[in-house]
Amino acid sequence: MDDNRPDVAVLDVRLKDGECIPLVEILIALGVPFVVHTGSLEEDLDKAFERGKFISKPADPETIVDIVRSLINPDAESRSVRSG
């Protein structure tokens, strides 16, 4: 992953073959911010996921994009306009 370090990652916690804790540990070691997009309750997650931004499922795609943008460029204001 060193040659292809991502700017940010979006993860689901529970996958068909288990949780992605080893990947989270790699992302933390590399300093890569990540989003935890899951149907699990935040308090039920392993402590490794605490460093990520939590988004519960289902989530509006604009919300996910806004959070990813904020992690890539934390000093920029969100340019997304929401109707409400």
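None of the figures in this text is laboratory data; all of them are computed from the coordinates on show. Predicted model only: the values in this text are computed from it and were never measured. When we count neighbours, we look across all protein chains shown, and the Cβ atoms used for this are built from the backbone with ideal geometry, even at glycine.
Summary of computed values
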quantity	calculated
Which of LEU23, VAL8, VAL65, positive extreme of dipole for the chain (C-beta unit charges)	VAL65
Simple spin-label estimate for ASN4 and GLU50 in nanometres, 7 Å along Cα-Cβ	3.2
The chain, Rg to Rh (Cα coordinates; Rh as Kirkwood inverse mean 1/r)	0.98
Structure-based [θ]222 nm, the chain - -39500 (n - 2.57) summed over DSSP H runs of at least 4, per residue, nearest 500	-8000 deg cm²/dmol
Amide proton proximity set for VAL10, modelled H, under 5 Å, gap of 5+	VAL35
The chain: relative contact order in percent, alpha carbon pairs under 8 Å with at least 6 residues between	26
Rounded to the nearest 20 debye, dipole of the chain from Cβ charges on Lys, Arg, Asp, Glu	200
